[in-house]
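This report concerns only the one structure given below.
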Amino acid sequence: MAELEATAAVARDLIRFDTTNYGNGKSNGESDAAQYVAAKLEALGLTPQFVDSEPGRTSVVARVPGRDPERGAIVLHGHLDVVPADPANWTVDPFAGEVRDGMLWGRGAVDMKDMDAMILTSLDDILGAGDLPSRELVVAFFADEENGGVYGSHFLVDEHPELFAGATDAVSEVGGYSIDLNGTRAYLLQTGEKALVWIKLIARGGAAHGSRVFRDNAVTKLAEAVAKLGREEWPVHLTATTRAQLAELSRILGMPVDDPDALILSAGTAAGFLQAGIHVTTNPTVLEAGYKHNVIPDRAEALVDIRPFPGQEDEVLARVRELVGPDIEIEVVHSDIGLEEPYQGGLVDAMVASLHRFDPGAPVLPYLMSGGTDNKALAKLGITGYGFAPLQLGPDLNFPAMFHGVDERVPLDALLFGRQVLGDFLRTA
Ligand SMILES: [Zn+2]
């Protein structure tokens with residue numbers, strides 16, 4: 001078997017560190033993966049710095065000088081943790097880093113040990129050739145992104161803001177990859193993220209024997225509230241980013257722009273990314289109640305993941321209260337801001353130009369991401385964040401399904417493409 005290309009090899013090594021983040025502060029930790037990336041940075045002649053927010057919750061930061069020290073630094077960042085993977089559902093061992101059918105399989109293959117590897121190998125290409133990136137870089141590998149960055153990016157930004165001194169922009173995950181629009185390969189460039197509000201619903205009732213006629217049942221009340229939120233059809237909401245995106249989609253697909261849902265659903269599997277860019281979502285994700293088959297519990301809880309548009313948090317929460325009714329208590333467990341930057345300016349132009357050097361003429365569309373990244377934490381320091389982890393993908397891979405999905409995998413040639421495009425961008429931005 002041919003030797004694995006360096007980006008794939010690094011991504012594979014990283015997948016083999018099981019850095020599962022279970023949430024609620026429960027995690028396998030990132031220390032081993034952090035040691036690994038720090039050794040790679042040292043091998044490039046850099047001086048990595050470890051930051052532990054808690055034992056085992058390790059982030060790594062290093063500075064790379066730029067050709068033009070007058071310009072603001074770019075925070076080039078990835079996260080080291082991954083969401084859980086149940087091996088019973090997978091075709092392969094999710095933490096073996098197996099290569100099969102021209103793809104690297106494993107938890108983190110696209111979220112985001114692929115980009116971690118692309119950062120390391122593209123820097124190796126630049127520094128190894130005796131060159132420098134155009135702008136100074138703050139290279140950061142964060143812990144805890146998958147649980148809101150409390151033990152990672154937010155901790156570093158709050159406790160060690162000096163690490164990011166002089167930085168004006170940030171580049172990271174979820175953007176830069178290709179989508180197939182009815183035979184046209186296009187790329188999404190992420191210039192915004194929705195906000196997030198994670199709530200707990202609490203229903204209370206009486207405790208009673210499971211055989212009684214009993215209306216004050218906490219489980220029943222909770223189930224009704226959960227169903228209302230889960231089934232709510234939030235109306236189309238457009239922002240500057242999605243208006244520009246829809247105009248491009250309309251041009252490429254030859255469809256009218258006046259029915260945004262229909263237009264996005266015609267975008268094939270990419271709709272999995274785009275649909276939540278025009279609707280608020282209120283997805284119930286965790287249920288907890290009861291302890292015995294014949295006991296009615298006096299309390300039932302549910303977790304709901306809410307993604308409002310930037311600045312819309314209070315309005316959406318008010319509507320959620322209305323939907324669940326006065327009997328249900330709502331506790332905000334965690335929230336974070338939304339971000340939206342204009343689809344213009346030097347950095348956007350540089351990203352588009354780099355994509356075009358490797359895929360001439362391909363359309364590039366602005367993208368408002370429904371998820372969140374560590375860019376939210378960096379925004380507290382006035383740093384403008386973008387999603388640009390370039391991957392050229394074939395039309396057959398359902399890429400949105402890879403994120404937090406079963407059988408997460410990434411084509412090997414996409415990783416090489418990413419290394420090259422990212423390197424080009426860092427040299428020219
Ligand atoms: Zn991620």
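The values are calculated or read from the model by the stated rules, or taken from the named source; none is laboratory data. What you are looking at is a predicted structure, and each value in this text was computed from that prediction instead of being measured. Positions of Cβ are backbone-derived with ideal geometry, glycine not excepted, and every protein chain shown enters the neighbour counts.
What to note about this one:
- Residues in region 351-365 that are basic (Lys, Arg) and under 22 Å from the mean Cα position of the chain (by Cα): none.
- Every residue from region 152-183 that is within 15 Å of the ligand (Cβ to nearest atom), more than 18 Å from residue 422 (Cα to Cα) and hydroxyl-bearing (Ser, Thr, Tyr): 153
- Of the residues making up region 168-182, none is in contact with a His (Cβ under 9 Å, 6 or more places away or on another chain), farther than 21 Å from residue 74 by Cβ and of a type in the set (A, V, I, L, M, F, W, C).
- Test: residue in region 133-150 that is outside any loop (DSSP other than H, G, I, E, B) and surrounded by fewer than 20 Cβ atoms within 10 Å (Cβ to Cβ): no
- Search result, residues across region 261-282 that are in contact with a Lys or Arg (Cβ under 9 Å, 6 or more places away or on another chain), outside any loop (DSSP other than H, G, I, E, B) and more than 22 Å from residue 176 (Cα to Cα): 281, 282
- Residue satisfying all of: in region 346-367; loosely packed, with under 14 Cβ neighbours inside 10 Å and among the charged types (D, E, K, R); farthest from residue 242 (Cα to Cα) among these: 357
- Verdict on residue 418 being within 16 Å of the ligand (Cβ to nearest atom), surrounded by 23 or more Cβ atoms within 10 Å (Cβ to Cβ) and either assigned to a helix (DSSP H, G or I) or polar (S, T, N, Q) (or both): yes
- Exactly one residue out of 196, 163, 253, 263 is farther than 30 Å from residue 295 by Cβ and either among the charged types (D, E, K, R) or within 22 Å of the chain's Cα centre (by Cα) (or both), and it is 196.
- Condition check for residue 32: touching a Phe, Trp or Tyr at 6+ places or on another chain (Cβ under 9 Å), in a loop (DSSP other than H, G, I, E, B), in contact (Cβ under 8 Å) with a residue 12 or more places away in the chain and under 30 Å from residue 334 (Cβ atoms): no
- Verdict on residue 176 being touching a residue at least 60 places away in the same chain (Cβ under 8 Å), surrounded by 18 or more Cβ atoms within 10 Å (Cβ to Cβ) and under 30 Å from residue 25 (Cβ atoms): no
- Just one of the listed residues (246, 263, 222) is under 30 Å from residue 301 (Cβ atoms) and surrounded by 20 or more Cβ atoms within 10 Å (Cβ to Cβ), and it is 222.
- Taking the conditions (1) within 14 Å of the ligand (Cβ to nearest atom); (2) modelled with pLDDT of 95 or more; (3) surrounded by fewer than 24 Cβ atoms within 10 Å (Cβ to Cβ) in turn, residue 124 satisfies each one other than (1).
- Flag if residue 141 is of a type outside the set (A, V, I, L, M), within 16 Å of the ligand (Cβ to nearest atom), closer than 18 Å to residue 77 by Cβ and at pLDDT 95 or above: yes
- When every residue of region 227-243 is checked against the conditions, at least one turns out to be polar (S, T, N, Q) and more than 30 Å from residue 415 (Cβ to Cβ).
- Exactly one residue among 328, 306 is over 22 Å from the mean Cα position of the chain (by Cα), surrounded by 13 or more Cβ atoms within 10 Å (Cβ to Cβ) and touching a residue at least 60 places away in the same chain (Cβ under 8 Å), and that residue is 328.
- Qualifying residues in region 113-154 (those that are among the acidic types (Asp, Glu) and within 21 Å of the chain's Cα centre (by Cα)) - the one nearest to residue 413 (Cα to Cα): 114
- Boolean, residue 186 is assigned to a strand (DSSP E or B), away from the ligand (no atom under 16 Å from the Cβ) and within 30 Å of residue 265 (Cβ to Cβ): yes
- Residue match in region 223-242 (condition: over 30 Å from residue 334 (Cα atoms) and either out of contact with any helix residue (DSSP H, G or I) (no Cβ under 6 Å at 6 or more places or on another chain) or modelled with pLDDT of 95 or more (or both)): no
- Any hit, region 92-112, residues being under 14 Å from the mean Cα position of the chain (by Cα) and of a type in the set (Lys, Arg): yes
- Exclusive hit being modelled with pLDDT of 95 or more, on the phi > 0 side of the Ramachandran plot, touching a helix residue (DSSP H, G or I) at 6+ places or on another chain (Cβ under 6 Å) and of a type outside the set (A, V, I, L, M), set 23, 45, 78, 56: 56
- Against the criterion of being in a helix (DSSP H, G or I) and within 29 Å of residue 321 (Cα to Cα), residue 245 does not qualify.
- Applying the set (1) touching a Ser or Thr at 6+ places or on another chain (Cβ under 8 Å); (2) surrounded by 17 or more Cβ atoms within 10 Å (Cβ to Cβ); (3) of a type outside the set (Val, Ile, Thr) to residue 50 leaves exactly one unmet item: (2).
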